[in-house]
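A.B. asks: Just passing along the structure, written as structure tokens.
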Amino acid sequence: MPFPLRLLVPKIARNTVTQNLQGHGMRRHAEAEIYQIAALDIQALSDFLQDKPYFMGEQPTTLDASAYSCLANILNETLISPLRDKAAQLENLVMYCDRMHQTYYA
């Protein structure tokens, strides 16, 4: 980036992200609370999926595209996170991500 923008753009971007986090409520919680909320969300996904191949039944839907994009990142083997540990314990989510990966990225 040219010199003047190199100084301004990162600060503006950082402020925008901080304001968005505050507006969405996530910045209002301690880090441990954020992980706890996310772990409950991951458990809810597992509970909803149960033993179905996809969230809405036998065929993938846009819900599966959204869920997979989040879960695949959480389950990424190179990341160390309490969320990864939680998701990795839920066998149906791990198998779901493997199935989605094989279906669309094999």
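A.B. asks: Accessible area per residue of the chain at 1.4 Å probe, in Å²?
C.D. replies: Heavy-atom SASA per residue in the chain reads 73 Å².
A.B. asks: Distance in nm between label sites at SER66 and ARG28, each 7 Å beyond Cα in the beta-carbon direction?
C.D. replies: Computed distance between label sites SER66 and ARG28 equals 2.2 nm.
A.B. asks: Which percent of the accessible area of region 1-60 is formed by carbon and sulfur heavy atoms (probe 1.4 angstrom)?
C.D. replies: That share works out to 60 percent.
A.B. asks: Then there is this: Rounded to two decimals, what is the ratio between the C-alpha radius of gyration of the chain and 2.2 N^0.38 Å?
C.D. replies: Output field value: 1.36.
A.B. asks: Between region 74-96 and region 1-73, how far is it from one alpha carbon centroid to the other, in angstrom?
C.D. replies: 15
A.B. asks: Set Lys and Arg Cβ to +1 and Asp and Glu Cβ to -1, take the dipole of the chain about its Cα centre, and tell me which of GLN43, PHE3, ALA106 lies farthest positive.
C.D. replies: The residue sitting most towards the positive pole is PHE3.
A.B. asks: Compute the Kirkwood hydrodynamic radius of region 14-65, taking the inverse of the mean of 1/r over all pairs of distinct Cα atoms, and give it in Å to one decimal.
C.D. replies: 13.2
The values are calculated or read from the model by the stated rules, or taken from the named source; none is laboratory data. Bear in mind the structure is a predicted one, so any value in this text is a computation, not a measurement. As a convention, Cβ positions derive from the backbone with ideal geometry for all residues, glycine included, and neighbour counts pool all protein chains shown. Note: areas computed on protein heavy atoms with side chains; ligands, DNA, RNA excluded. Shrake-Rupley method; radii C 1.70, N 1.55, O 1.52, S 1.80 Å.
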